[in-house]
Protein chains: 2
Amino acid sequence: MVTIREIAQKTGYSTSTISRVLNHHPYVSAEKRAKILQVMAELDYRPNQLAQNLSRGASRNIGVIIPYVDNPFFEKMTNGIMARAFEFGYKVTLLPTNYNKQVELAYLEEFSAKAYDGLIITSKANPLKTILAYEKYGPLIFCEYVAEANVPCAYLDRSAALLQAFSYFKDHHCHQIGITVGRSEQISPSTQLTLKIAQQELPHFKLTHVVRDCTTEQDGQQAAKYFQQQPEINGILANGDEIAAGIIEGYSAKKPPLIVSQDNLLIGKFLHFSSIDQHPEQCGQQAFDLFKQGRQNKVMIPHKFIARS
Amino acid sequence: MVTIREIAQKTGYSTSTISRVLNHHPYVSAEKRAKILQVMAELDYRPNQLAQNLSRGASRNIGVIIPYVDNPFFEKMTNGIMARAFEFGYKVTLLPTNYNKQVELAYLEEFSAKAYDGLIITSKANPLKTILAYEKYGPLIFCEYVAEANVPCAYLDRSAALLQAFSYFKDHHCHQIGITVGRSEQISPSTQLTLKIAQQELPHFKLTHVVRDCTTEQDGQQAAKYFQQQPEINGILANGDEIAAGIIEGYSAKKPPLIVSQDNLLIGKFLHFSSIDQHPEQCGQQAFDLFKQGRQNKVMIPHKFIARS
DNA sequence: TTGTAGGCGTTATCAG
DNA sequence: CTGATAACGCCTACAA
């Protein structure tokens with residue numbers, strides 16, 4: 001492997017000078033620069049990034065903790081992060097947890113070992129306190145609301161989105177709604193919020209009308225079976241468009257009640273259900289910007305309700 | 001920052017011994033190991049991965065060159081790669097090119113600078129020769145067929161899939177088919193193959209029935225408008241399910257002809273068009289395995305035709 | 001402008 | 001089993 005030292009020998013200049021042309025520093029005579037570049041080309045010299053990383057103490061690489069890699073919502077979010085990262089010459093490493101605490105902890109340990117210059121957390125498996133303990137090792141940015149001061153986060157205005165969804169239901173005279181959620185309210189703040197607002201806005205809402213652990217189309221089908229056994233249900237809030245599609249399938253013969261979902265994928269357009277676009281790409285972009293600028297703000301991302309009925 | 005040397009000082013042992021317990025080497029007395037671990041915990045010592053990377057000459061990180069991050073086909077492929085990488089403790093960095101040659105070259109340069117232990121190329125912007133020039137810097141694995149011996153690749157049996165699609169058309173008496181493709185046949189081997197086989201299998205096929213540069217639902221709608229002006233067209237081969245959906249939209253009032261698409265997404269089930277599942281996840285998994293095992297085989301991934309009509 | 005020398009933190013070799 | 005010591009390849013004061 002050709003090193004900076006060999007270039008120094010062949011050219012007769014010092015390693016410092018070589019390093020300077022490598023880093024586009026000023027204060028190198030045009031003549032020397034030219035010769036050095038020439039010798040570099042001749043020997044096919046490649047600066048070793050691993051060495052550069054150690055020397056600089058950074059790798060221009062950020063980690064992104066996500067629950068699932070094949071989930072439309074998080075895919076959009078990571079796409080937003082990656083788009084910005086690309087602009088600024090950063091590399092992105094996706095860190096899927098499947099909401100496994102141990103796996104997430106392993107990533108946090110890597111982070112503390114300087115594997116990433118920063119860590120964006122789109123959704124967490126461990127309690128906030130556990131994660132914040134790693135703040136001392138470098139910048140941590142969240143893609144959900146975190147109340148603690150000085151903790152940067154870009155977050156979706158879930159409350160506003162839910163309020164709009166529920167008022168849509170009310171406008172259509174749907175007061176008994178079924179809800180599908182991902183993780184149960186015990187561990188997911190987002191589910192917690194959903195149910196809290198449902199109870200506030202819809203006095204007739206019952207917790208027995210909640211189907212938990214829905215992440216796929218199949219889960220949606222199962223949920224539909226359950227909902228059909230509750231004839232009073234006249235509206236459904238789904239936690240994703242693929243699940244909503246499954247619900248419609250599950251109703252098969254029967255006409256399903258009014259459905260509102262939350263991904264705004266193409267399929268919603270064809271199956272004619274309403275959807276909330278939470279703009280996860282924007283959230284990802286903002287999260288990266290917060291990292292890049294080293295700010296500790298909290299940035300809210302507005303949602304958009306797509307009514308179809 | 002606490003280093004291995006500080007641990008050595010506080011414990012009175014040598015850095016070698018510290019390094020040994022760090023790497024779970026044998027030949028360290030239980031007593032010393034215990035004391036070292038204790039001091040490490042006290043000082044909250046973190047091994048620095050950047051230093052380890054330099055010392056080992058590797059980073060357990062692989063790069064994956066993809067054209068787009070938000071394309072279902074390549075998302076599935078990268079999911080397959082990531083699943084395997086995760087199992088073996090590798091990190092994955094996604095490298096989107098948008099088929100820009102310069103961007104792709106920049107990634108190859110990074111690779112030659114040891115930024116990645118290996119590079120998986122799911123689809124390339126530059127000519128094969130250009131890319132193979134970087135083989136000397138480390139393992140290069142392709143996710144498409146590469147004829148050159150000793151170049152490892154996991155590839156989809158595109159020919160077989162296309163043959164089945166065309167015989168499906170013939171079975172349904174569709175001999176005048178329209179085709180949408182991504183990149184034009186001049187630059188995409190896959191498009192080239194598609195058109196070649198179309199000409200072989202369907203004597204009535206005309207190149208004027210090809211719509212190029214289709215990547216989105218909107219492109220599909222546009223294509224549909226064009227196809228409707230050619231009343232003789234009685235079958236359509238789409239290059240993706242979202243495009244197929246767009247085509248169906250584009251036909252709006254009119255009933256669209258028999259459609260076969262190529263992603264097998266959920267939407268195909270609802271819009272009732274046939275689709276070829278090329279199993280891109282499997283392709284990604286195999287590609288990673290080829291990297292991991294350092295083999296130079298060529299692995300074919302079988303497809304599956306999902307008939308709906 | 002340029003060069004010298006030390007440092008980044010860890011691993012590996014090789015004696016003992 | 002253990003410990004010096006030399007890599008790994010680059011960057012950067014500091015001095016000239």
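Out of B:S261, B:S309, one residue alone is hydroxyl-bearing (S, T, Y) and not assigned by TED's automatic domain parsing to the domain that holds B:Q164. It is B:S309. Residues in segment B:22-38 that are near DNA strand D (Cβ under 9 Å from one of its atoms) and open to solvent by less than 50 Å² (accessible area, probe 1.4 Å): B:V28 alone. Residues in segment B:178-205 that are part of a helix (DSSP H, G or I), small (G, A, S) and over 18 Å from B:N126 (Cα atoms): B:A198 only. Does segment A:248-265 hold any residues that are within 12 Å of chain B (Cβ to nearest Cβ), buried (at least 19 other Cβ atoms within 10 Å of the Cβ) and in a helix (DSSP H, G or I), and which are they? Result: A:I248, single match. A single entry from A:T17, A:T11 fulfils the requirement of being within 9 Å of DNA strand C (Cβ to nearest atom), in contact (Cβ under 8 Å) with a residue 24 or more places away in the chain and not assigned by TED's automatic domain parsing to the domain that holds A:F288: A:T11. Screening B:K91 against (1) among the charged types (D, E, K, R); (2) at the interface with chain A (Cβ under 9 Å from one of its Cβ atoms); (3) farther than 30 Å from B:C153 by Cα leaves a single unmet condition, (3).
B:I7 falls short of the stated requirement of being of a type in the set (V, I, T), more than 11 Å from DNA strand D (Cβ to nearest atom) and not in a helix (DSSP H, G or I). Whenever a residue of segment A:92-116 is open to solvent by less than 10 Å² (accessible area, probe 1.4 Å), its partners that are in a helix (DSSP H, G or I) and of a type in the set (V, I, T), lying with C-beta atoms within less than 6 angstrom and at least six residues away or across chains, give the pairs A:T97/A:V103.
Here is the figure for segment A:162-177: residues that are in a loop (DSSP other than H, G, I, E, B) and in contact with a His (Cβ under 9 Å, 6 or more places away or on another chain) total 2.
Residues in segment A:275-284 that are touching a Lys or Arg at 6+ places or on another chain (Cβ under 8 Å) and crowded, with 23+ Cβ neighbours inside 10 Å: A:S275, A:I276, A:Q278, A:P280, A:G284.
For the subset of segment B:285-309 comprising residues that are in a helix (DSSP H, G or I) and either without any contact (Cβ under 8 Å) to a residue 24 or more places away in the chain or not aliphatic (A, V, I, L, M) (or both), which member is least open to solvent (accessible area, probe 1.4 Å)? Ranking the qualifying residues of segment B:285-309, first place goes to B:F288. In segment B:102-111, is there at least one residue being outside the structural domain of B:Q192 (by TED's automatic domain parsing), within 14 Å of the chain's Cα centre (by Cα) and at pLDDT 95 or above? No, segment B:102-111 contains no residue that is outside the structural domain of B:Q192 (by TED's automatic domain parsing), within 14 Å of the chain's Cα centre (by Cα) and at pLDDT 95 or above.
Just one of (1) facing another protein chain (nearest Cβ under 10 Å); (2) among the small types (G, A, S); (3) open to solvent by 60 Å² or more (accessible area, probe 1.4 Å) fails for B:A41. It is (1).
Taking segment B:94-131 only, how many residues are within 14 Å of chain A (Cβ to nearest Cβ), of a type in the set (D, E, K, R) and away from DNA strand D (no atom under 16 Å from the Cβ)? So the count comes out to 1.
Would you mention how many residues in segment A:1-60 are closer than 29 Å to A:A115 by Cβ and of a type in the set (G, A, S)? Qualifying residue count, segment A:1-60: 6.
Condition (residue is in contact (Cβ under 8 Å) with a residue 24 or more places away in the chain, within 16 Å of DNA strand D (Cβ to nearest atom) and touching a Phe, Trp or Tyr at 6+ places or on another chain (Cβ under 8 Å)) applied to segment B:132-142: is it met by at least one residue? Yes, the conditions are met somewhere in segment B:132-142.
Taking the criterion of being assigned to a loop (DSSP other than H, G, I, E, B) and in contact (Cβ under 8 Å) with a residue 24 or more places away in the chain, the residues of segment B:206-239 that qualify are B:K206, B:R212, B:D213, B:C214, B:T215, B:T216, B:Q230, B:E232, B:I233, B:N234, B:A238, B:N239. Restricting A:R60, A:R56 to those that are away from DNA strand C (no atom under 13 Å from the Cβ) and within 44 Å of the chain's Cα centre (by Cα) reduces the list to A:R60.
Looking at A:S55, is it away from every other protein chain (no Cβ under 13 Å) and near DNA strand D (Cβ under 8 Å from one of its atoms)? Spelling it out, it is not the case that A:S55 is away from every other protein chain (no Cβ under 13 Å) and near DNA strand D (Cβ under 8 Å from one of its atoms).
The values are calculated or read from the model by the stated rules, or taken from the named source; none is laboratory data. None of the values given here were measured: they were computed from a predicted structure. Glycine also receives a Cβ, built like all others from the backbone with ideal geometry; neighbour counts cover every protein chain displayed. Protein only, heavy atoms only, side chains kept; ligands, DNA and RNA dropped before computing areas. Shrake-Rupley method; radii C 1.70, N 1.55, O 1.52, S 1.80 Å.
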